[in-house]
1. With the cut-off at 1.5 for a/c, could you classify the stretch 123-281 from its C-alpha gyration tensor as rounded, prolate or oblate?
2. What pairs from 77/139; 62/89; 143/175; 139/185; 49/89; 89/175 go past 25 Å between their alpha carbons?
3. Measure off 7 Å from each Cα along the Cα-to-Cβ vector at residue 136 and residue 254, then give the distance between these two points in nanometres to one decimal.
4. Does the stretch 223-281 come out rounded, prolate or oblate by the C-alpha gyration tensor, with a ≥ b ≥ c the root eigenvalues, rounded set by a/c under 1.5 and, if not, prolate when a/b is larger than b/c and oblate if not?
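Derivation of every value follows stated rules applied to the coordinates shown; laboratory data play no part. Keep in mind it's a predicted model, so treat the numbers as computed, not measured. Because the Cβ atoms are built from the backbone with ideal geometry, glycine has one as well, and the counts that use them run over all protein chains shown.
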Amino acid sequence: MTWLKSPVSTLVLVFIFILLSNCSENQVDIANIASEDQAAEEIFNSGEKEILRKRYSDAAEKFTEVERLYPYSDWAKRALIMQVYSYHKDQSYDNVVSAANRYIEFHPYDKDVPYAYYLIGLSYYDRVLAIGRDQELAKEALKVFSLIKEEYPESEYASNSEIKFNFLMDHLATKEMEVGRYYLKRSHYAPAINRFRGVIEEFSTTSQVPEALHRLVEAYLSLGLVNEAQTAGAILGYNYKSTSWYQRTYELLKSEGLKPISSGNSWLNQIYRQVVKGQWL
């Protein structure tokens, strides 16, 4: 039994003891991880059940709990995007923006990032539809939908973003036209012209442009600015000749002995040269 007293034998026993201890610790760690994973999954599943019951606020709380208790787990990532969805369904708009931005910050290259951006856009878009007048919300929504179109053109959300972007552009242009008509009706020609000009320069792809050009003709004629009125009519005739707005403009100019031709050197002449003649310099 003298082999038990040799230094080599002692080292072997120590090594075996350490190895067994590490194995035991690893088994404990694995068991803990499995237990935590199971607990996170249970809370996550309870959140999904709340969604099925349409109790979206309660669902968001469950998903928030997963993120809080198990922040470094894969369940936390899944729970965070489900938070965004739950807040969206609950119409908790500020929470949508907060949670979605957090998801984008933590997982910038994840496949669900376009979805997170889209729900941010919807949180602004839905409020524009509900309130009807908040231009700042509309502008925020435009930024997000524009980002989706440019950065994620192949995503399933790009098409809807395009549709909502165009709708909001027309919405903002419509509001500008309402204000412009208000000023025009009261003979406040300068602020009316500024509104109509804004529609033409900032919302050139919207359905409001033909009327904006016609209203400019009306305003400029009222001020005796014949060159500007004729040039606005010329642009209207070149781009929207088949519309009723051009017919009204043509008759109005004709009644004053004028024609829709470009003349003078105003901001409208610059647009005419760019759009009609292709002269950009």
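1. Prolate, since a/c reaches 1.5 and a/b exceeds b/c.
2. Working: 77/139 30 Å; 62/89 15 Å; 143/175 18 Å; 139/185 28 Å; 49/89 14 Å; 89/175 28 Å.
Violating the 25 Å Cα-Cα cut-off are 77/139; 139/185; 89/175.
3. Here the modelled spin labels are 4.9 nm apart.
4. On the way: a/c = 2.78, a/b = 1.33, b/c = 2.09.
Taking the square roots of the gyration eigenvalues as a ≥ b ≥ c, the stretch 223-281 is oblate.
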